[in-house]
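Down below is the structure, laid out as structure tokens.
Derivation of every value follows stated rules applied to the coordinates shown; laboratory data play no part. These figures come from a predicted structure and were not determined experimentally. Here Cβ is always computed from backbone atoms with ideal geometry, including for glycine, and neighbour counts include all displayed protein chains.
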Amino acid sequence: MPAVVLVGAQWGDEGKGKATDLLGSRVDAVVKFNGGNNAGHTIVIGSGEQREKYALHLLPSGILTPGCMPIIGNGVVIDPSVLFEEIDGLEARGVDTSALVVSASAHVIAPYNRTIDKITERFLGNSRIGTTGRGIGPTYADKMSRIGIRVQDLFDHDVLHAKVAGALELKNQTLVKIYNRKGFEIDAVVDELASYADRLRPMVADTSLLLSQMLDDDATVVLEAGQATLLDVDHGTYPFVTSSNATAGGACTGSGIPPTRISRVIAVVKAYTTRVGEGPFPTELLDAKGEELRNAGAEFGTTTGRPRRCGWFDAVIARYASRINGVTDFVLTKLDVLTGMDEVPVCVAYDVDGVRHDELPMTQAEFARAVPIYETFPGWHEDISAAQSLEELPRNCRDYVQALEDMSKAPISAIGVGPGRDETIAVRDLLD
Ligand code: GDP
Ligand code: IMO
Ligand code: MG
């Protein structure tokens with residue numbers, strides 16, 4: 001089996017971590033190809049008394065599967081102190097992290113970029129993005145401006161010093177003259193970054209070459225996205241996006257695996273919609289129904305703890321995700337959260353200034369004015385969390401799933417009915 005891409009179809013937090021974890025022991029490597037510790041994936045393992053919850057940020061979800069090689073690809077931005085903290089946290093709980101491999105070409109989040117992320121947000125005021133404040137955007141900006149620090153730079157003191165000095169020449173001017181803050185000392189930054197080198201070095205490799213060799217040997221490789229389609233810097237709700245390519249195309253650039261080796265694209269989609277941070281969200285519910293979804297779905301951020309904005313399923317977005325990513329399979333998650341609703345509306349199209357749009361409008365100005373056109377489905381009240389097949393779902397629930405599949409333009413191959421590994425209906429094999 002060649003490489004499989006797994007992306008989020010909406011605005012993140014669809015349950016990508018659980019979906020990747022589910023693919024399990026048949027996967028030889030899981031590669032994180034974009035983003036950094038802005039991501040938060042909660043994975044629940046075991047059942048009953050044995051139930052264990054893990055929150056991952058920078059590490060690929062494959063880290064919890066024995067025998068699976070977790071790889072941090074070149075497209076990721078790494079905060080080394082967060083990486084070590086996460087490794088130590090898992091090791092303390094008995095998880096073996098020794099197989100982790102990190103790309104020599106991944107960029108490093110320097111301390112000044114965390115500061116700049118937070119200050120920029122403050123200065124943007126009402127136009128702020130609502131970032132996670134982890135320095136993600138400024139680090140990707142440095143990458144594109146060709147003043148970024150890469151993992152490989154940590155191993156050469158002269159190179160590191162020259163790069164930090166070059167970057168700070170610019171950054172300190174901005175911090176001091178525009179933002180009226182203190183600048184950063186070159187030596188202090190160099191010392192901090194260099195202090196990570198020894199521990200990082202044994203994990204570092206040419207991950208593109210490694211993956212190419214693994215694929216030649218018939219390995220099964222999953223390329224796992226952080227964030228999601230509508231947060232993609234090119235295809236999302238710009239500027240209210242993250243600063244990387246979270247869509248399937250980003251899997252190639254962010255890992256060094258060519259498109260010709262990818263055989264399947266799995267998109268994870270929630271049975272309703274959530275969003276963290278600012279930006280347009282047509283089906284958002286600002287009333288008691290939104291609160292009900294937030295509580296039923298425990299919709300609070302894994303990374304920042306912020307309450308997630310909640311709304312109904314948006315089929316226009318699911319169709320868009322299907323097209324942009326070339327989705328071959330959807331994994332529908334959190335269907336159980338809708339249990340107990342008398343009726344479940346689905347947005348089937350938008351009304352923008354009196355004109356019906358069945359696809360995303362061309363401009364963000366139009367999207368911000370999009371009013372959902374709803375089709376309402378009858379709800380179900382039966383507990384579905386133990387269902388293991390489609391046949392075990394109540395009629396109304398099955399009809400809802402079928403309607404989402406028809407509207408989303410790709411088959412639903414797995415359905416989540418609870419956070420645990422076992423709480424999943426497998427409709428068709430995702431890896432054969
Ligand atoms: P990710 O960022 O896409 O990996 O998603 P998050 O982990 O941030 O958020 C998804 C949340 O939903 C996590 O707390 C998961 O444990 C939980 N979850 C995943 N799938 C299901 C499901 O089918 N039902 C329920 N009730 N919870 C789920
Ligand atoms: P996972 O992988 C949900 C959002 C932030 C903000 C915007 C930009 O768990 O799905 P950034 O710090 O990336 O510059 O913030 O993107 N955001 C996410 N929202 N899930 C995520 O990751 C997110 N990562 C970033 O809230 O609106
Ligand atoms: Mg998340």
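About its Cα centre, how strong a charge dipole does the chain have in debye, to the nearest 20, once Lys and Arg get +1 and Asp and Glu get -1 at the Cβ?
Roughly 1100 debye for the chain.
Pairs of Cα atoms under 8 Å, at least six residues apart: use those to get the relative contact order of region 107-202, whole percent.
Working: 95 pairs, mean separation 26.0, N = 96.
Averaging sequence separation for qualifying contacts and normalising by length gives 27 percent for region 107-202.
Less than 13 Å Cβ to Cβ from Ala251, Lys/Arg counted +1 and Asp/Glu -1: what total charge do the surrounding residues give?
Its environment carries a net charge of +2.
Determine one quarter of the surface area of the Cα convex hull of region 111-209, which equals its mean projected area, and express it in nm² to one decimal.
Working: hull surface 29.3 nm².
That works out to 7.3 nm².
Give the shape of region 28-168 as rounded, prolate or oblate, defined through the alpha-carbon gyration tensor: a ≥ b ≥ c are the square roots of its eigenvalues, a/c under 1.5 means rounded, and otherwise the shape is prolate if a/b is larger than b/c and oblate if not.
Oblate shape, in that a/c is at least 1.5 and b/c is the bigger or equal ratio.
For a 24 Å ceiling on Cα separation, which of these pairs sit above it: Lys118/Lys177; Lys118/Lys334; Lys289/Lys334; Lys118/Lys289; Lys118/Lys182; Lys18/Lys143?
In this structure, Lys118/Lys334; Lys118/Lys289; Lys18/Lys143 exceed 24 Å between Cα atoms.
Using alpha carbons only, how many degrees (0 to 90, rounded to 10) separate the axis of helix 80-92 from the longest principal axis of the chain?
60 degrees
Can you run phi through the Karplus equation (6.51, -1.76, 1.60; θ = phi - 60°) for region 293-306 and list ³J(HN,Hα) in whole Hz, with x for Gly and Pro?
Result, ordered by residue: 5, 4, 6, 5, x, 6, 8, 10, x, 6, 8, 10, x, 5 Hz.
Measuring from the lowest to the highest alpha carbon on each principal axis, how far does region 221-343 reach, largest first, in angstroms?
47, 27, 25
As I understand it, the value is the acute angle between the Cα axis of helix 395-408 and the longest principal axis of the Cα atoms of the chain; what does it come to in degrees, rounded to 10?
50 degrees
Using +1 at the C-beta of Lys and Arg and -1 at the C-beta of Asp and Glu, which of Leu58, Thr220, Leu393 has the Cα lying farthest in the positive direction of the dipole of the chain?
Leu58
Determine, for each peptide in 224-236, 146-158, 208-220, the mean count of other beta carbons within 10 angstrom over its residues, then list the peptides with the highest first.
The most tightly packed comes first, giving 224-236, 146-158, 208-220.
Would you mind working out the magnitude of the charge dipole of region 107-202 relative to its Cα centre, with +1 at each Lys and Arg C-beta and -1 at each Asp and Glu C-beta, to the nearest 20 Debye?
It works out to roughly 520 debye.
Between region 26-61 and region 89-150, what is the C-alpha centre distance in whole Å?
Answer, in whole Å: 18.
Semi-axes of the equivalent ellipsoid for the chain, please: Cα gyration tensor eigenvalues, times 5, square-rooted, ordered largest first, whole Å.
Over the Cα atoms of the chain, the semi-axes work out to 36, 26, 19 Å.
Net charge near Gly279: determine it from the other residues with C-beta under 11 Å of the C-beta of Gly279, scoring Lys and Arg +1 and Asp and Glu -1.
Details: positive: Arg128, Arg275, Arg309; negative: Glu278, Glu284.
Every neighbour counted, the sum reads +1.
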